[in-house]
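Colleague: Take a look at this one; I'll ask things after.
Every read-out reported here was derived from the displayed coordinates using simple, explicitly stated rules and does not represent laboratory data. All of these numbers come straight from a predicted model, not from anything done at the bench. All Cβ positions, glycine included, derive from the backbone under ideal geometry; neighbour counts span all protein chains shown.
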Amino acid sequence: MSIELFVLGAALLAIASIFVPTLLTQASPLPTSAAVRQTMLALLPEHLDGPVYELGAGWGGLAVALARRYPATPVQGFEVSVLPWVFSKLRQIIGGQKNLRFHFGNFQKADLSAAALVVCYLPGPAMEKLKPKLEAELKPGALVLSNTFALAGWQAVEERTAPDIHASRVYLYKVS
Ligand SMILES: C[S@@+](CC[C@H](N)C(=O)[O-])C[C@H]1O[C@@H](n2cnc3c(N)ncnc32)[C@H](O)[C@@H]1O
């Protein structure tokens with residue numbers, strides 16, 4: 001009986017650890033699909049002159065792909081939901097990408113001033129909150145790559161439609 005209670009408690013805790021951050025950030029840890037990931041990577045330049053920040057890294061799949069794409073570039077993922085963050089840490093340890101780090105916490109507290117590339121998959125309200133931070137901190141030439149959700153008032157330098165069932169749009173911006 002006590003083992004059953006323990007398992008039930010652990011399951012409820014795991015659900016709450018995803019549900020509560022989702023309520024607070026208005027972003028669930030839904031991962032970017034493989035098709036959209038390929039479309040995003042295809043928009044990026046061959047080389048980057050500075051670090052990559054993934055804001056809301058979820059389970060880490062997109063950050064791992066970015067770290068593999070740019071092995072000489074530091075890639076930093078930020079995630080506020082504990083279970084996806086633990087999963088992404090394990091993924092990094094097992095995968096052994098030396099240029100990849102996952103931080104637990106609110107990306108609003110990260111300093112983005114050195115970023116060559118910021119990547120996100122955040123719904124509209126979260127993008128609205130992020131926009132003034134990007135405008136205040138990113139240097140000229142920095143790139144912003146977004147899955148599905150556009151930055152209102154910004155002009156994309158490239159847009160593509162991914163070959164997934166949602167025909168997801170992908171947006172690339174360059175800070176001027
Ligand atoms: C839709 S998921 C995207 C996951 C991953 N970027 C991907 O594309 O596969 C959005 C993630 O952003 C996280 N998130 C939202 N706001 C955040 C914040 N202020 N700080 C850190 N993580 C945040 C959520 O917890 C969620 O896991």
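Colleague: Only bridges whose two residues both fall in the range 2-174 count here: according to DSSP, what percent of them are antiparallel, nearest 5?
Modeller: Bridges in the range 2-174 are about 35 percent antiparallel.
Colleague: Below 8 Å, C-alpha to C-alpha, sequence gap of six or more: please give me the relative contact order for the chain in percent.
Modeller: So the answer I get is 21 percent.
Colleague: Plugging the Kirkwood radius over Cα pairs into Stokes-Einstein for the range 1-89, at a temperature of 37 °C and a viscosity of 0.692 mPa s, what D comes out in µm²/s?
Modeller: 222
Colleague: May I ask you to list the aspartates and glutamates whose Cα is less than 18 Å away from that of Lys109, ignoring any residue fewer than eight positions away on the same chain?
Modeller: Result set, ordered by chain and number: Glu54, Glu79, Glu128, Glu135, Glu137.
Colleague: Next question, about the same structure. Most exposed first by the Cβ proxy, i.e. fewest other Cβ within 10 Å, how do Met40, Met127 rank?
Modeller: Ranking Met40, Met127 by Cβ neighbours within 10 Å, fewest first, gives Met127, Met40.
Colleague: Bin width 5 Å, alpha-carbon pairs only: give the P(r) of the chain as whole percents, running from 0 to the bin holding the largest distance.
Modeller: Computed distribution, short to long bins: 1, 8, 17, 20, 21, 16, 8, 4, 3, 2, 1, 0, 0.
Colleague: What's the ranking of 153-159, 66-72, 22-28, 6-12 by average number of surrounding C-beta atoms within 10 Å, highest first?
Modeller: The packing order, highest mean first, is 66-72, 22-28, 153-159, 6-12.
Colleague: Consider just the alpha-carbon atoms of the range 100-170 and return their Rg together with their Dmax, both in angstrom.
Modeller: For the range 100-170, the Cα radius of gyration and maximum Cα-Cα distance read 12.9, 36 Å.
Colleague: Turning to a different aspect of this structure: Name the helices (complete DSSP H segments) of the chain with a Cα length along the long axis of 30 Å or more and a Kyte-Doolittle mean of at least 1.6, or state none. Walk me through the intermediate numbers first.
Modeller: Values: long enough: 2-25 (34 Å, 2.04).
TM-like helix candidates: 2-25.
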